[in-house]
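This report concerns only the one structure given below.
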2 protein chains.
Amino acid sequence: MSEKAFQDYYPEKFNQCYGCGSHNPHGHRLKSLWDGEESVAYFTPEPYHMAVPGFVYGGLLASLIDCHSTGTAAAATYREQGRPMDSEPALRFVTASLHVDYLAPTPMNTKLEIRAKVTELTPKKVIVTAKVMADGKVCARGKVVAAQMPDSMLKLVEGDL
Amino acid sequence: MSEKAFQDYYPEKFNQCYGCGSHNPHGHRLKSLWDGEESVAYFTPEPYHMAVPGFVYGGLLASLIDCHSTGTAAAATYREQGRPMDSEPALRFVTASLHVDYLAPTPMNTKLEIRAKVTELTPKKVIVTAKVMADGKVCARGKVVAAQMPDSMLKLVEGDL
């Protein structure tokens, strides 16, 4: 397992994401790493991230799956191209679609483990499947279609907003 | 359009949700109302709810679709049964699955409109489709399968945790 997370390679303007941006002080600041062919991230929900007392809010699980999967999509594409994540041109992915199946209530007060793997990788899109586990039990499964950020959006972000 | 939101009928123990609980001071406190056959909610993202500068975080949109849709599922079931939302037995829905298609980048600094309608309603589950609009443009479409909360979970929530 490498020590520098995928998100630590994002340049500053792309590192503001509420879910995984290192530069967003209000957000979750998710950190994703390779663990062999899978990627892994850990997150401990805050007490207020609840759905009902005792159980984690599903929107948070969707968010964790989303950010971990788009980060994995970027990391996998760099790896496919045989180049480091801080090399140019930078790859930026957005979520085209997100699907989550909630399999079991997710208990509070435990560190969640989010694991993902790439099931399809093309130059324009990457499909990633993910699961969220609490105490070793799979509570949610997700599938994300991540697409390279459209040029029109890229220009707006890179411009002076 | 009625004045009291769906979520305002939830009893206290079921009103802690990060996405829509009136009693969660840290959360989004989404309020959903009927507007004819559709339900509607509005939400203005905070500046930190960003994906990249200028655009809203997709995990937030997924969360809004989730909470608005499960609230709509409960409200529609009460309506189907011809009884008010504060009548017993209380109906509690959880998300079985959530799907979101992100159609266009969602701009920051604008009030989002979330609209949903029920496409299938059975005693055990309700299927809801939803869309998120910014400045009248549909930025995301969602589909939620909402299921009545399992008895095992209900007992845990209603017990002393």
Practice prompt. Determine which member of the set B:Glu12, B:Glu113 is more than 7 Å from chain A (Cβ to nearest Cβ), closer than 30 Å to A:Phe93 by Cα and open to solvent by 30 Å² or more (accessible area, probe 1.4 Å).
Written response: B:Glu113
Worksheet entry | Output for segment A:70-92, where each listed residue is more than 11 Å from chain B (Cβ to nearest Cβ) and not in a loop (DSSP other than H, G, I, E, B) | A:Gly71, A:Thr72, A:Ala73, A:Ala74, A:Ala75, A:Ala76, A:Thr77, A:Tyr78, A:Arg79, A:Glu80
Item to complete: Exactly one condition in (1) outside any helix (DSSP H, G or I); (2) open to solvent by 40 Å² or more (accessible area, probe 1.4 Å) is not met by B:Gly21; state its number.
Response: (2)
Worksheet item: Does any residue of segment A:48-55 turn out to be crowded, with 18+ Cβ neighbours inside 10 Å and within 17 Å of the chain's Cα centre (by Cα)?
Response: no
Practice prompt. Answer yes or no: is there a residue in segment A:126-138 that is within 12 Å of chain B (Cβ to nearest Cβ) and more than 26 Å from B:Met108 (Cα to Cα).
Written response: no
Worksheet item: Got a number for residues in segment B:24-47 being in contact with a His (Cβ under 8 Å, 6 or more places away or on another chain), crowded, with 16+ Cβ neighbours inside 10 Å and within 14 Å of chain A (Cβ to nearest Cβ)?
Response: 3
Response to the item:
The condition from (1) in contact (Cβ under 8 Å) with a residue 24 or more places away in the chain; (2) open to solvent by 30 Å² or more (accessible area, probe 1.4 Å); (3) not in a loop (DSSP other than H, G, I, E, B) that B:Ser152 misses is numbered (1)
Discussion item. Whether any residue in segment B:51-64 is in a helix (DSSP H, G or I), hydroxyl-bearing (Ser, Thr, Tyr) and touching a residue at least 60 places away in the same chain (Cβ under 8 Å) is what I want to check.
Written reply: no
Response to the item:
For segment A:59-92 the number of residues that are touching a helix residue (DSSP H, G or I) at 6+ places or on another chain (Cβ under 6 Å) and closer than 22 Å to B:Asp66 by Cβ is 5
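The values are calculated or read from the model by the stated rules, or taken from the named source; none is laboratory data. As the structure is a computational prediction, the values presented were derived from the model and not from experiment. So basically every Cβ, Gly included, is an ideal-geometry build from the backbone, and we count neighbours across all protein chains shown. Ligands, DNA and RNA are excluded from the accessible area calculation, which covers all protein heavy atoms including side chains. Shrake-Rupley method; radii C 1.70, N 1.55, O 1.52, S 1.80 Å.
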